[in-house]
Protein chains: 2
Amino acid sequence: MGSSLKYNRFLRSALAEEGSFATTTDVLSWIASRAACNRFTVERIPFGALMQWSTDQDTGDLVHSSGKFFRVQGARVQTTLGYIRQWDQPIIDQPEIGILGIVAKEFDGLLHFLMQAKMEPGNIDGVQLTPTVQATRSNYTQVHQGARPPYVDYFLDREQSRVLVDQLQFEQGSAFLRKRNRNIIVEVTEDVPVGPEHCWLTVGQVHRLLGEPNLVSMDARTVLSCIPLVDGPHSHPPTAITEASGGLDLSSLSLFGSALLESVRESVQSVHRDERVMSWLTELKCRHQLSVERIGLNELRSWKRGPDVILHEGGGYFNVMAVQVEANNREVASWDQPLIEPVERGLIAFLVRRFGGTLHFLVQGKIEPGNPDVIAVAPTVQCSLGHDRLGDRGSWPPFLDVIQDENRDSVRYSCVQSEEGGRFFHVENEYRVVELPPEGDLPLPENYLWVSLRQLNELLRFGLVNVEARSLLACLPLTA
Amino acid sequence: MGSSLKYNRFLRSALAEEGSFATTTDVLSWIASRAACNRFTVERIPFGALMQWSTDQDTGDLVHSSGKFFRVQGARVQTTLGYIRQWDQPIIDQPEIGILGIVAKEFDGLLHFLMQAKMEPGNIDGVQLTPTVQATRSNYTQVHQGARPPYVDYFLDREQSRVLVDQLQFEQGSAFLRKRNRNIIVEVTEDVPVGPEHCWLTVGQVHRLLGEPNLVSMDARTVLSCIPLVDGPHSHPPTAITEASGGLDLSSLSLFGSALLESVRESVQSVHRDERVMSWLTELKCRHQLSVERIGLNELRSWKRGPDVILHEGGGYFNVMAVQVEANNREVASWDQPLIEPVERGLIAFLVRRFGGTLHFLVQGKIEPGNPDVIAVAPTVQCSLGHDRLGDRGSWPPFLDVIQDENRDSVRYSCVQSEEGGRFFHVENEYRVVELPPEGDLPLPENYLWVSLRQLNELLRFGLVNVEARSLLACLPLTA
């Protein structure tokens with residue numbers, strides 16, 4: 001890790017398993033202590049007890065008293081791809097673009113990221129590691145009439161910082177219409193005040209914490225997934241690429257770390273040309289349709305509404321419920337809000353495989369109601385794991401059998417991660433990456449394709465990869 | 001032009017000023033003869049005389065009898081960027097994805113493209129050079145009950161061809177809601193029947209024909225703009241890049257040809273890092289809003305409707321009118337349709353400038369009602385040149401003065417090109433590229449940025465560049 005790696009400061013930070021401040025072990029105790037010393041209670045309440053939210057008399061929609069923030073309404077969905085092709089569902093309409101922002105600063109020659117220990121009402125263990133700032137536009141323009149979130153000015157005022165990453169990325173297409181966040185990392189050189197809820201960590205430290213269940217929040221994961229750990233080959237002269245790997249102890253790298261470095265030197269080794277990848281996506285967008293009609297929450301077919309829950313008649317999918325929150329360390333000390341509560345645990349998994357030595361990921365083109373453009377690039381498997389479904393193999397989505405049946409030796413990552421606790425209540429997903437042997441035939445449905453890590457990162461950069469895939473990509477450890 | 005260029009067959013074709021078939025001079029006579037030997041009449045008719053279109057009683061919208069194809073309706077637009085920020089206008093809703101497809105085949109070691117001499121009702125000189133196929137979904141699924149367009153199967157059936165380019169690109173955001181076309185080039189090896197309306201040309205020949213006014217159609221230009229004339233640096237080992245320019249007679253290249261080759265070797269020479277370019281676009285999308293409410297054509301404020309024209313009360317912008325068409329060489333022999341007719345000639349121009357030897361283009365982030373995502377990357381200047389506007393310099397958009405005042409020596413391209421004659425009637429735009437000297441200060445409004453050709457091509461590939469900019473980029477000659 002000599003100066004030959006200077007050209008990519010992100011990668012250096014990712015390879016640093018300890019930083020200049022808290023050790024990774026310290027971080028675990030710090031997070032536990034944040035949970036212990038803050039009062040934070042979350043209580044289920046009936047919809048009728050919501051003070052800041054009301055039910056629209058005409059539509060039954062749940063709306064915030066400011067008219068901003070978000071709205072829970074209904075969607076009538078029709079599509080041409082997938083196991084079920086026509087359904088109604090509750091959906092969250094959140095047109096505002098929020099900020100998921102991390103402040104970065106160099107200490108001892110290493111980029112550190114200011115991470116926050118934050119509570120959200122839907123979190124399973126209360127406190128998770130989040131970006132420096134996560135704020136809806138309503139937050140930082142103070143619709144809630146709370147204090148302006150600290151650090152937010154680093155992201156809004158370019159005089160104070162230098163942008164390292166700044167991409168619009170969309171969130172769960174199964175639950176949101178139009179929800180996008182600005183995934184942004186800015187670098188500062190000035191002194192940054194660090195409160196008790198914040199801590200400077202290297203990317204490598206965050207990677208290690210991603211081995212713990214439900215600790216690093218989805219918001220942190222999506223921002224991490226946008227980090228260009230290796231520069232594009234255009235960013236430096238060809239010699240630097242060779243130097244890069246020359247200066248590295250390759251034996252310390254994991255499968256994914258090696259794939260990252262390879263991706264710069266990849267030349268023509270992808271199974272498919274870049275234009276073929278683009279064509280696959282174009283073809284799917286031309287062939288398939290998605291129609292999402294907004295309807296009132298009280299017009300939903302096959303859903304029923306009780307005083308404190310909206311649920312599917314078949315008992316599947318998710319519920320809408322409401323909570324009352326008391327906190328002593330948030331810009332607003334107490335509030336209430338609706339949340340999405342899952343009925344089943346989910347599975348988010350990639351099959352990976354080496355083709356000619358180059359690691360490839362099996363992606364699917366998936367339709368979900370909130371997709372910005374019909375088809376999004378999704379993980380190999382993204383589904384719920386209800387007992388009903390697991391019992392009936394006929395209903396399994398493609399490759400679930402491969403993921404479930406694979407022996408332990410080929411599992412390259414496996415952990416339980418939860419979804420964003422500001423909208424989702426106790427949503428857990430199994431995250432898994434399974435490597436297939438290079439030989440053997442694996443027929444693919446039309447909406448599946450093998451892409452290299454470089455190709456997947458390029459699609460991600462342009463906002464075409466869904467949050468489930470981004471989130472899993474962020475988890476992959478670079479070192480063995 | 002030896003074998004060192006084999007790795008990019010598009011570039012070789014672009015440097016070939018003559019091909020294996022018609023000479024470029026022959027092409028001009030062929031196009032003239034196609035116009036002479038085909039009966040094609042276009043007659044203005046009142047809306048009431050339209051046979052295949054009717055006026056919706058409730059909304060006043062002009063709709064096709066099939067319910068498909070397109071619809072002329074109204075849009076109420078509100079935005080936060082630009083000279084005028086609130087207006088009503090007629091707009092064409094065309095949700096179907098059409099095909100703009102070119103069949104390519106290698107002859108004598110050179111890629112040739114099968115171009116068509118095609119008439120469209122809105123063309124100024126009747127016949128223009130178009131892609132092999134241009135077809136709406138209604139065309140090729142035979143909603144018009146005409147014959148299935150020839151050659152269309154090469155694009156729909158992947159067994160018959162290999163995809164070279166396949167991108168979804170959107171069209172005029174000022175006139176269309178949601179109109180996107182699949183810009184696709186496929187290569188075949190089998191014998192292709194060539195009728196009297198088609199001809200094999202090299203990219204270089206088409207480039208030379210782009211020096212003629214109103215000859216190469218907008219549809220052809222947008223497909224050409226998607227061609228990766230140089231591969232990304234990842235597509236071949238670094239040595240090939242050096243070889244590439246080694247095998248070339250650099251003195252034969254134009255400013256743009258040199259910039260293309262440079263773009264592969266560009267390394268860190270762009271004025272702005274790629275993440276800075278992305279951040280500029282992200283920031284504009286977060287800062288600005290675009291609201292487009294669909295309204296009935298009879299609800300438009302400030303527009304009036306006569307029996308044969310819908311026009312703005314101030315006399316500006318464009319009119320909607322209708323024509324009756326008779327043709328003997330189209331899948332449908334006679335039809336009628338509404339068209340958009342401009343009131344003024346337009347200007348589409350890029351300022352270019354060398355920074356540290358690397359050519360950069362000044363792009364603007366522009367809002368138009370049909371933009372897929374609020375802001376699109378547009379040319380430096382994209383405006384109409386009405387007498388009113390030209391007389392009042394205060395109303396000029398940024399940099400129009402620089403384009404207008406620049407002396408002849410710095411004009412790198414100048415020609416009149418027309419817009420798509422299937423929707424636009426006699427729409428002409430001046431296309432111009434003006435080079436600024438490297439020295440001197442040029443302050444930029446927030447929504448303008450200098451980007452290198454490689455960066456612009458990357459934005460284009462992901463569908464972020466508007467059709468006006470794409471169309472102008474396609475015109476740039478590679479050889480001096």
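Contact map, segment B:271-292: residues that are at the interface with another protein chain (Cβ under 10 Å from one of its Cβ atoms) and in contact (Cβ under 8 Å) with a residue 60 or more places away in the chain paired with residues that are surrounded by fewer than 20 Cβ atoms within 10 Å (Cβ to Cβ) and of a type in the set (G, A, S), Cβ distance under 7 Å, separation 6+ or inter-chain. Pairs shown: B:D274/A:G232.
Here's a check for you: in segment A:5-47, which residue that is touching a strand residue (DSSP E or B) at 6+ places or on another chain (Cβ under 8 Å), among the basic types (K, R) and at pLDDT below 95 is nearest to A:H198 (Cα to Cα)? Once the filter is applied, the top-ranked residue is A:R34.
Could you list, in sequence order, all residues of segment A:146-177 that are assigned to a strand (DSSP E or B) and either under 17 Å from A:E96 (Cα atoms) or not aliphatic (A, V, I, L, M) (or both)? I'd like the intermediate steps shown before the answer.
Going through segment A:146-177, the residues assigned to a strand (DSSP E or B) turn out to be A:162-170, A:176-177.
Hits for segment A:146-177 are A:R162, A:D166, A:Q167, A:L168, A:Q169, A:F170, A:F176, A:L177.
Being out of contact with any helix residue (DSSP H, G or I) (no Cβ under 6 Å at 6 or more places or on another chain), farther than 22 Å from B:R85 by Cβ and among the hydrophobic types (A, V, I, L, M, F, W, C) holds for only one residue in B:V271, B:V264, B:V292, and it is B:V271.
On the basis of being surrounded by fewer than 19 Cβ atoms within 10 Å (Cβ to Cβ), in contact with a helix residue (DSSP H, G or I) (Cβ under 7 Å, 6 or more places away or on another chain), more than 14 Å from chain B (Cβ to nearest Cβ) and without any contact (Cβ under 8 Å) to a residue 60 or more places away in the chain, does A:R389 make the cut? In short, yes. Only one entry in A:A244, A:A220, A:A259 is under 30 Å from A:N371 (Cβ atoms), at pLDDT below 95 and either in a helix (DSSP H, G or I) or within 14 Å of another protein chain (Cβ to nearest Cβ) (or both), namely A:A259.
Conditions first: (1) surrounded by fewer than 23 Cβ atoms within 10 Å (Cβ to Cβ); (2) of a type outside the set (K, R); (3) closer than 30 Å to B:R287 by Cα. A:G204 passes all but one, so which condition is the exception? Single failed check for A:G204: (3).
Every condition in (1) among the hydroxyl-bearing types (S, T, Y); (2) buried (at least 16 other Cβ atoms within 10 Å of the Cβ); (3) assigned to a strand (DSSP E or B) is met by B:T59 except one, and the failing one is (3).
Note on segment A:415-467: among residues that are among the basic types (K, R) and either in contact with a strand residue (DSSP E or B) (Cβ under 8 Å, 6 or more places away or on another chain) or at pLDDT 95 or above (or both), the one that is farthest from A:Y83 (Cα to Cα) is A:R461.
Just checking, how many residues over segment A:155-214 are basic (K, R) and in contact with a Phe, Trp or Tyr (Cβ under 6 Å, 6 or more places away or on another chain)? Don't jump to the end; show me each part of the working.
So the first thing to find is which residues in segment A:155-214 are basic (K, R), and the list is A:158, A:162, A:178-180, A:182, A:208.
Filter again for in contact with a Phe, Trp or Tyr (Cβ under 6 Å, 6 or more places away or on another chain), leaving A:180.
Looking only at that region, the number is 1.
Mind checking which residues of segment B:397-417 are in contact (Cβ under 8 Å) with a residue 12 or more places away in the chain and either touching a Leu at 6+ places or on another chain (Cβ under 9 Å) or charged (D, E, K, R) (or both)?
Of the residues in segment B:397-417, the ones in contact (Cβ under 8 Å) with a residue 12 or more places away in the chain are B:397-400, B:402-403, B:406, B:410-417.
The answer is B:P398, B:F399, B:L400, B:V402, B:I403, B:E406, B:S410, B:R412, B:Y413, B:C415, B:Q417.
The number of residues in segment A:287-335 being exposed (fewer than 13 other Cβ atoms within 10 Å of the Cβ) and assigned to a loop (DSSP other than H, G, I, E, B) comes to 9.
Please tell me if B:E197 is surrounded by 21 or more Cβ atoms within 10 Å (Cβ to Cβ), closer than 23 Å to B:E120 by Cα, among the acidic types (D, E) and touching a residue at least 12 places away in the same chain (Cβ under 8 Å).
Values: surrounded by 21 or more Cβ atoms within 10 Å (Cβ to Cβ): no; closer than 23 Å to B:E120 by Cα: yes; among the acidic types (D, E): yes; touching a residue at least 12 places away in the same chain (Cβ under 8 Å): yes.
Judged against the criteria, B:E197 is not a match.
Considering (1) at pLDDT 85 or above; (2) more than 9 Å from chain B (Cβ to nearest Cβ); (3) more than 16 Å from A:R9 (Cβ to Cβ), the lone condition that A:D249 does not fulfil carries the number (1). Would you check if there is a residue in segment B:154-168 being modelled with pLDDT under 95 and polar (S, T, N, Q)? Yes, because at least one residue in segment B:154-168 is modelled with pLDDT under 95 and polar (S, T, N, Q). Just wondering, is there one or more residues in segment A:37-47 that are within 24 Å of B:D373 (Cα to Cα), surrounded by 13 or more Cβ atoms within 10 Å (Cβ to Cβ) and in contact with a Lys or Arg (Cβ under 9 Å, 6 or more places away or on another chain)? Within segment A:37-47, not a single residue is within 24 Å of B:D373 (Cα to Cα), surrounded by 13 or more Cβ atoms within 10 Å (Cβ to Cβ) and in contact with a Lys or Arg (Cβ under 9 Å, 6 or more places away or on another chain). If only residues of segment B:336-355 that are part of a strand (DSSP E or B) and not hydrophobic (A, V, I, L, M, F, W, C) are counted, the one that is farthest from B:E420 (Cα to Cα) is B:R354.
So that you can scan it fast, the table gives a plain yes or no per residue for (1) among the β-branched types (V, I, T); (2) under 29 Å from B:P95 (Cβ atoms); (3) assigned to a loop (DSSP other than H, G, I, E, B):
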| residue | (1), (2), (3) |
| --- | --- |
| A:H360 | no, no, no |
| A:D373 | no, yes, yes |
| A:A376 | no, yes, no |
| A:C383 | no, no, no |
| A:R389 | no, no, no |
| A:G394 | no, no, no |
| A:P398 | no, no, yes |
| A:D401 | no, no, no |
| A:Q404 | no, no, no |
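The values are calculated or read from the model by the stated rules, or taken from the named source; none is laboratory data. Here the structure is a predicted model, which is why all the values come from computation and not from measurement. Here Cβ is always computed from backbone atoms with ideal geometry, including for glycine, and neighbour counts include all displayed protein chains.
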